[in-house]
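Presented below is the structure to which this report refers.
The values are calculated or read from the model by the stated rules, or taken from the named source; none is laboratory data. Note that the structure is predicted; figures quoted are calculated from it, not measured. Heads up, the Cβs are rebuilt from the backbone with ideal geometry, glycines too, and the neighbour counts pull from every protein chain shown.
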Amino acid sequence: MQPPARARYSPVVDALCILVFVLVGRGRHEIHEGVGWFFTVLWPLYVGWFAVALAIRLYTRRSGIWLALVVTWLGGIAIAALLRGAFTDRPYVSIFTVIAIAFLGLTTFGWRLIAALIARSRRSEASPA
């Protein structure tokens, strides 16, 4: 049995959501430091998000996707906060964590909701009346 089609694109879109979060933050804070800063902010988010996503099989499960996304979202950011505090000179929890929760919640749930609505619309158009 093949994994769902979303298993191919969901991790990429989630990675883009995290990447955009870091890029927007860099722009909002007018940070002009080199690439090192970028990866210092990015890696804990990627490790936290994808560690939880892989552990609970977010990208391959066939049911309970929304609950798995909640667990990935909150668990991933919690792990990222721990990594950020442990391996950088930043606090474990700060306004960064709150904004990450808000931004990544909106974007990762948002794109899935839009995709689900488009899929539902296509199904209703394809089914005979």
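Name the one entry in L82, L23 that is assigned to a helix (DSSP H, G or I), under 15 Å from the mean Cα position of the chain (by Cα), without any contact (Cβ under 8 Å) to a residue 40 or more places away in the chain and surrounded by fewer than 16 Cβ atoms within 10 Å (Cβ to Cβ).
When all the criteria are applied, what remains is L23.
So, in segment 87-105, exactly how many residues are at pLDDT below 95 and either among the small types (G, A, S) or within 19 Å of A116 (Cα to Cα) (or both)?
The qualifying residues number 1.
What residue, among those in segment 32-49 that are of a type in the set (A, V, I, L, M), modelled with pLDDT under 95 and surrounded by 13 or more Cβ atoms within 10 Å (Cβ to Cβ), is farthest from the chain's Cα centre (by Cα)?
Per the stated criteria, the residue is V41.
Taking the conditions exactly as written (buried (at least 16 other Cβ atoms within 10 Å of the Cβ), more than 22 Å from V12 (Cβ to Cβ) and in contact (Cβ under 8 Å) with a residue 12 or more places away in the chain), does A68 satisfy them or not?
no
If we keep just the residues of segment 50-74 that are of a type outside the set (G, A, S) and part of a loop (DSSP other than H, G, I, E, B), which is modelled with the lowest pLDDT?
R62
Among the residues of segment 87-121, which ones are surrounded by 12 or more Cβ atoms within 10 Å (Cβ to Cβ), among the polar types (S, T, N, Q) and in a helix (DSSP H, G or I)?
T97, T107, T108
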